[in-house]
Each structure stands twice: as C-alpha cells, then as structure tokens.
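A short write-up of the structure that comes next.
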Amino acid sequence: MECKKIHALDIPEILSSLGQFLSRGSLVNSFRVSKLWHHVLLPWLWEVTEFGHYSAIVPSLDLIQRYESFIRRLTIGYEAVLKLPSIAPTLPNLASLILYQTVFGNPFDDPKLVLFIKKHRETLKSVILAQHATDAVLEALEECPRLNSLTLGCQGYNGLCPIRWFLQFEKLFSHLDTLSLEDSDIIHSLDAAITTIEDTQQFNRLEQIRDLSLYLHRPGKTIGFFIWIVRQCPDLIRLYWVHLRVSAESPMELLADIFRGDPTFGRKLEDITLNEGKFRNTTFEFLMASLVKLRRLSLSCTDFDTESWTILRMTNSVHLKTLTDLNLLACQNLSGEAIHQMLCEMPSLKVFGSTAVGDKGMMEDPRPWICLDLEELSLRFLLTEYSEDPSVRNLAVKRYLAQVGRLKRLQVFRGFFPRNEKGLIILIEVEDGLDMLKDLRQIRHANWTQRFTGVNELRWILENWLRLDDHLRSRLQVALERLERAVCSRNESNKASDCRTDIMECRKIHPLEIPEILSSVGQFLSGDTLTKCLRVSKLWHSMLLPWVWKSIKISAAFRRHHPRLSLVQKYRSLIQILTIDYRSVLALSKSTVTFPVVSNLRIYETEDEEEEFEDFDDPALVQFIQQHRQTLRSVTFDRRAHDAVLEVFGDCPLLDTLWLWDQGYTLHPAQWGRYLGLWTRLRKLYWNDGEEFEFMESRRLTAMSEWQPFEGPSQIQDLSLHLHDPSHSVFCAWIVRQCPDLVRLGWSHADRGRNYEVMDQLVDIFQSDPTFGKKLEEITYRGEFKNESFRCLMRSLVRLRCLDFTSTSFDRESWMILRTMKPAHLKTLTVLRIEGCKNASSEVVHQMLCEMPSLKVFSAGEVMDKEMVEDLRPWACVDLEELDLRLQLTGLSADPPVRALVIQRYLARVGQLKRLVALRVFVPRDEKGCIVAIPVEGGLDALKDLRRLRSANWIVYPPKSEEELRWCLETWPQLGSFLTKELNLLKKQSCKLEEDKEIRLK
C-alpha cells in the first residue's frame, strides 16, 4: 500500500473531538462529506435528542427506533410521552431524562409515563421533572438502581405533610447523590394538610447526597420541611438555597442555626449559594468561621456590604487564598473600594461578579489585581464626582483598562463600559483604550461589544478577538457591514471604493481556520508536528504556540535536545508544566528567570557520572520555589527534600499535589506535625521512604499511641505509599489514620516476600475506627496478604469502584470472598486488576468476566481453553474499554478442529465488547508457549465491530501476513500510522527475500 499524506480531519479521534463544537445543522451538513465523517459524527447528533412541543425539529418515531442506541440524553414534553404508542422503542443507553410540561399546572400522572420510566429503569441515572409528580411516578423511579440525580419541580406533596411525603419515598431519596426540590406556588391550597410531626420518626440520614438545591416559593409554608432536609445531609459538598419570595428568615440565618445545633455539620461544604435575603453580619461571621473547605460563595441580592468584606478578610484569611468563585451581584451596599480590594487580595479567583468598582479606589490604591487566573468577570467601572477633571477621568479609565488587560485568561466579560455619575455610558476608542485589551485572546463572550457604534472599534474587536462565539460575532459583523455601507453611501462622490470591506467578504471557511477547533486539535499533536504547524500561517502560530510551550523539559546533561535558555526566557509566560533537573534549577535561580503561570513542577536528579547530588537541599532551590509559590499546584521531587524545602511548600496557597520520592526522615516521624500548613492543604500525596533509608538509634519508631495527630482536618483524598522496608508500615499507618476522607489509597512495598504486616496494619485501621474509609472508591495494593485480612477489608468497604491487586496472593478463595460476602461489588466495580497473581486460576478469571457487568478495565493473566469449552456463558461486561488477557491453549485442544472451535469462541466473546479501546496481550498461545496465528476468515472477522480500538500491542507479535495487516488497516483506520509502518516493513522483507532467491538461482 502506497504511503499518502493523511489530512488531520481524516483521523477519527480528531474528527470526533470536533463534533462536540458543531451545531445540529452543521452536523447534518457534515454527513455529506464522506462515509467516515458520517460514521464518526452520527453519535454526536443523536446523543442529545429533543422530542416534543418546544423542539425546532421533531424526529420521527422510525428515526428514533433506528438510532436508539446513540441517544443518551432525552428532552421530551409530557404530551409527547402520552402520544407515544405502547410499542415505542426502548432506548438502551438512555442515561438522562428531562420531562417538561407544555400546559402549566397539570401534574405528571398518566400511566404511560410510568411505563416509559419502567422501560428504562436499568439505564437511567438522571431525571428532571419540571412539574408535580404523583406517587405512581415516584414509585417507578424507586425501581431505578442507577438513579443518582433527581430534580422535582413544582412539588405539591400530594396533600400530605411534606415530611410524611418525604418519608414515604425513603428508598428513592436514600441512594441519590444530587437532589433538587422546588415547592409549588399554589401550595397555599393545602394549608390544612401541612402540619409538623410531633413524634420523631426513625430515618436513615441522607449521607450519600453531595449536591442539594432548594427553591422555596412560600417560605412560611414549607420552611420547616426544607430545614429538616438540610439536617439529614451531613456530607454536603454543594448547597443551593434560594427563597424566590422575600421572607423574614433568610437562608443564611436558617443555615447558621443548623450549624449551631450540629458543630460537625458542613465540614465538607465547598459550594454555597444563599441568594435573595437579608442577614446580620454576626451571622455571616459565625458561618465563615464554621466553613473550612469553602471554594465557591454566591450571595447575590443580599445585604453583603463593606463590613461583611472586612469580616471575610479577618475571620478566616484562608478563604482569600482558596475561594475560586465569588458572586456578589446586586449587592447595593458594597462599595467600589471594597470590590477593588477583593481583586487585589484574592489570587485564586476564577469567577467574580459584583456591581461596580469606582474611580476612587483606582486612584488611591495603585495595587494590581492579582487574580490572574480569572476566567469570568461581571463588573463595570463607575466614574463619580471624584474624577470631574477630564485629565483625572482619563487616567482613572486607563488604569481600569490596564487592570483588565492583565487578565489574559478571561473568557467571559460582562458589564464593562465605564459610567459617569449620571449613569451614562462612556464609549472607549481604539487608541489608548481597546489597545490595552489586546492580550485578552481567550475572550468568547462580551455583551458590551454590541454598544459600539464606530467602524474602527468593531473592526478591532473582530480582528483581535477570534474566539468570540458565533452568535455574537455574526451580530457584530452585521453591524459593521451596515456602518460601512452607510459610510460608503455618504462618500460615494469621494471614491467610495476605498472603503474597506475586505473582512466582510463571504468566503468558505475551512474548519482548521476556526480558532476553537484549531486549538482543540493542538492537544492531540506531538511536539515535532506542532513545530511544523507553526510555519503554516500566523493564525496557526498564535493558536498552537501555547501547546508547544505548555509542557517542556530542561536538562543540563542533554542540552542539545532541550530548548535554549533564551527561548525559555522569551516564552516563559506560556509554560505551565515544567520538568527540570537539579543543576538547571540552580542555574535558573542565578539568572533570575521566573515562570509566571507554572503550576506543575517536577525536579529530578541530574544524569551526570562525574557529579552526583544525593539530596535536594541547596538554598537556591528554596529560592526558586519561593519565586513560584503563588502559582504552584503540583510538585514532584525525585530525591529527598530537606526541612527548608518542606517549609517553603507550606507557603504555597494553591499547592494540592505533592510527590516525594526517596524521602528520608530528617526528624522523628512523630514530629512531622510541624508542617501542619502543608498537610492540611494537600489533596494528593505520594510518599516513597527511600531505598537507602535506615533509622538512627535516637530516631527509632516508638509506639503509635505516643504520636500526636494533626491539628485540623486533613483534605487528602488521594494517598499513595511505597515502602522499601515493611517495618516502616507503622509510620505509614499513622499517616493513613490522619486522612479520614480518602477516596483513593495505594499501599505497596518493594519486598514481595511472605510479609503480611502491611495488610494487617490496614485492617487494624478499619477495625479500630468503623467510620474510616466510608468514601474509599479505589484501592491499590502490592504484596502478600491473608484471606482473613482480605475478608475484613471487603466487609468495611461500601463504595468500592476500583480494585488493583496486581502481583499479590489473590486466589480462588479471595474471589469467593468477593463474590459471596459483597455481591454488590460485582455490580459496582469498574476497574479490576489481578495481573501477576499466580494463584488466580483461569476459571476464576472467566467467572469474573461472566458475573461483573459494570467492568470497564480488566487485567488478568490468562484464560484457558477449558473454560471456553465447558462454560458457554457470554461475558457480561459489555461496557469494557480496556482488556489485558490472553488465551492459553493446553493439551485439551490438541485436535485442530477443537482448537479452531476454542479460538472462535474466544474471538466471539471479545468481539461482543464493542466499546473496547485497548486490547493487550490478546493472541493465543499453545502448551509450549508459542503464538498461534489467527486467520482473517473465521478468526479476525469476529472483531470487526471493535470500531473504537486505539491500542492493540498484539499486532506486533509474529507471525503475521500482509493479508492480516491489510484487514486491520481497513477495519481500524485509527491505527493507520502504526499498521502502515508494519506493512511497509513486511513488503521490504518480502522484496529482499525475492532478490536473494533470484541471486541464488543465477
């Protein structure tokens, strides 16, 4: 096959990623390009489907039945559900259902709706009901085992007391992760039925709910019910509480009463919205002191004022460094000076909204805004009597524009225009105005641009802000065309043809000329390809240059293959991920080169035979980290870090990931609480004790009971521990005890002998604290263990999703424990790795694939021909995306017909896994370990439905023929570059063999 140049849009992965940016009309037009485009983009058209009164294009029932497997989210009107026939198709992959009401006031009570929900109960994960739902509908939702998100609008509680109504459907609400509830505006007709419950009923608290939204139309009627719901959710992460009508009791006052009644409530709250209401500053101060993990705060349309801002600054100063979203829109009591102070003192802000910042704050406080990561800003500039002098006014406006121009990551910008003391808008010209905003290349939405009435200003916006959304760009282009036409008509007698209308010429735009698409393609390209693409055009250069410099590696030992220091200094503002050796760090610290946006830093040992650095302890390294402490989020050290370095990490406000390799203990482990500011901020920690570490006599480990725990809550959710000496597991167990909210835990040791101490330490933690590990979803373990310890571990885990026991003593008995003691894990486990477990038999591996339907990643050793012959059950894991497994042929299949039958059954089972992305170590082997070739007919044909395959390392294993490679290339074009290379190599080998044969004949 001849090599030909492949266009970027001929690669299915790139084409599929572009589909998410296209509208429905563009998708329909794209189907006519080629069969490949139709095949790749068709799922994007049907993934989100609207069917009902409000949808612009209503698909027919035949089309829905034809493409039913693609529909994952369905928005449908209630009347449309009632019109569906009883033989309507079942959507096998429907995960989200949005049901709206075209006639307001009518409840959802028809039996056809109940039947529709029951048909899809196995796949539904999210349901939104915009109107009051009757008991029959809610009872049908109770039968949905995967339902984790529920929205109930305009709920009337069926004439019952709201609490009694809620307890009636306890089974439904107890397993939800997200709940949104809105009471009905006509609930006043049920006054006689709404009473309080005198006798406290036994009710299991809603410990699984993480996201709770409450909308109250009549706070006086159901406010006690909503307070009761909030009290039942102790592990909330997001709370949205809004009174749609003004009431005497605001959501903040009610929430503060809940905190006073239960001091342990809300320790995990990160996102709070308490809009619409009045509150006292004493209540606000108490609430801010109680919230320790706050990340997002919304108090729009409230009494938030300058005193509230002072309380936020002084009560819990940590919030200034951790808050990413702050919404203070329509807070009329907040001064412009206070808003300016917020932008100057909150470095981690990404979304900010408020009323207006004043000229007085700009002139009297020259500090720059430090929220350089800001992506969305809703703010206007107000000119007061302070700047009556035109020169003062111009200076204030320029300072405002300079502050905004520094926010290079801004994407959404609302309410920008300056206003004078009368509220009139002051327009901004290009020179000494818009030119100061030329670095805002990421702008996508700016509603204030429609107020421009000058040709030059509109041209400047269209030429500089290439990422504006299509709707806004089209409106600006229409306005510019109208203005240019007016100018041309006025100057018709003075050479109207000189009027520039070049940018409004209609021409066909290639998809790779759209900045959003081009930028998204850049993430799939290698470094060499990106470097070549920079030479195509200025647009390609500006869009792809950030991808070239986003992640770089600097080494003093291999300077020939790494960028020069002059280039690093030129593009240092684009570098976000920096991998650098120790000697280069020392050199950069002397040259005073800093990286203003670097967030991920990895420092490794310099590869030099003449000089060897044992530890990272140079003061220059400490200085280098101090220079970047405001932006660092992840740090990796390949060698031991000393105390001075760890103390600097404690000053990094955004640091949440830390990897420490070969870490020796310069202190007694029990004294590591001195780095409290570091440990209580981290979310991910990797710990490696070091291969050459030995305790000194004066620093031996003492009893764990003598060690003091950390003061303050630990936020670590991902913890990985690797030991070279299992005796150090005592200290590691102490670290694990300090992390009660772990989601992922990895624990391994280099000594793979029969040492059960590590697993025993882990089991002791669970037995001593029954509440520990209730959130653990992923466990990685390396080493030996006893099945009794494994039984205790499985009994304690309730949310297990990923189990990685590679190279352990996992055997048949362990599988029986997992199978019988915790059968729920068979339906919830998505990742299971038991590769290298020599005691895990082939029968166990086959049973796992037949009995675990939720598996997405599976890695094991081998499955034998015996199971293919004796057990005819199909593999139930149809959602499998990654498989690492091979077929082992024994003496049972020595007969060629039996061997062919076994291979066909094996291929048929693999061919049913249509979502498979990676298939490794696939080829069968005989009893001698030799690879058995698979023919195309009656063999590889069974794998023709694996259209998503991206990785298949078994293709490189011999023997292979040109016919097999051609079949793979036609079936899996996404593997084209690799397969073409193999095919050309095979052709060269065959040509060489023919030439040698001719030479021998001559």
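Among 870-877, 209-216, what's the highest-first ranking by average C-beta atoms within 10 angstrom per residue?
On the way: 870-877: 14.6, 209-216: 20.2.
Ranked from most to least packed, the peptides come out as 209-216, 870-877.
Grab the beta carbon distance between Leu539 and Leu36, set R0 = 35 Å, and tell me the FRET efficiency rounded to 0.05. Walk me through the numbers before you get to the answer.
On the way: r = 26 Å, r/R0 = 0.74.
Efficiency for this residue pair is about 0.85.
Would you please classify the overall shape of segment 330-385 from the alpha carbon gyration tensor, given that a ≥ b ≥ c denote the square roots of the eigenvalues, rounded means a/c under 1.5, and beyond that prolate means a/b larger than b/c while oblate covers the rest? If you can, show how the numbers build up before the last one.
Values: a/c = 2.06, a/b = 1.30, b/c = 1.58.
It comes out oblate by the Cα gyration axes.
Rounded to the nearest 0.05, what FRET efficiency do Lys438 and Ser474 give with R0 = 22 Å and r taken as the Cβ-Cβ distance? Could you check?
Values: r = 23 Å, r/R0 = 1.02.
For R0 = 22 Å, the calculated efficiency reads 0.45.
Can you pick out the pairs among Lys408/Lys553; Lys293/Lys350; Lys321/Lys350; Lys350/Lys538; Lys268/Lys775; Lys268/Lys822 whose Cα atoms lie more than 20 Å from each other?
Working: Lys408/Lys553 24 Å; Lys293/Lys350 17 Å; Lys321/Lys350 12 Å; Lys350/Lys538 29 Å; Lys268/Lys775 12 Å; Lys268/Lys822 28 Å.
Violating the 20 Å Cα-Cα cut-off are Lys408/Lys553; Lys350/Lys538; Lys268/Lys822.
At a 1.4 Å probe radius, which order do Met363, Met852 fall into by accessible area, largest first?
On the way: Met363 45, Met852 0 Å².
Sorted descending by solvent-accessible area, the residues read Met363, Met852.
Order these peptides, 894-901, 148-155, 354-361, by their mean beta-carbon neighbour count within 10 angstrom, highest first.
Numbers: 894-901: 12.1, 148-155: 19.4, 354-361: 21.8.
Peptide ranking by packing, descending: 354-361, 148-155, 894-901.
Express in Å², to the nearest 10, the accessible area of Lys125 obtained by rolling a 1.4 Å probe over the protein heavy atoms while all chains stay in place.
Rounded to the nearest 10, that gives 90 Å².
First select every other residue whose beta carbon is under 11 angstrom from the beta carbon of Thr90; then total the charges, Lys and Arg +1, Asp and Glu -1. Could the numbers behind the result be given before it?
Working: positive: Lys118, Lys119, Arg121; negative: Glu68, Glu122.
Neighbour charge sum, excluding Thr90 itself: +1.
Once both labels are modelled 7 Å past Cα along the beta-carbon direction, what's the Asp769-Ser573 spacing in nm?
4.7 nm
Sort the following peptides by mean Cβ neighbour count (other Cβ atoms within 10 Å, averaged over residues), highest first: 28-35, 392-399. Let's see the in-between values first.
On the way: 28-35: 12.6, 392-399: 16.9.
For the peptides 28-35, 392-399, the packing ranking is 392-399, 28-35.
Taking all protein chains in place and a 1.4 Å probe, what share, in percent, of the accessible surface of segment 279-355 do carbon and sulfur account for?
Numbers: 1340 of 2650 Å².
Ligands and nucleic acids excluded, carbon and sulfur give 51 percent.
The values are calculated or read from the model by the stated rules, or taken from the named source; none is laboratory data. Since this is a predicted model, take the numbers as computed values, not measurements. Virtual Cβ from ideal backbone geometry, glycine too; neighbours counted across all protein chains shown. Side chains are part of the model used for accessible areas, which takes the heavy atoms of the whole protein and leaves out ligands, DNA and RNA. Shrake-Rupley method; radii C 1.70, N 1.55, O 1.52, S 1.80 Å.
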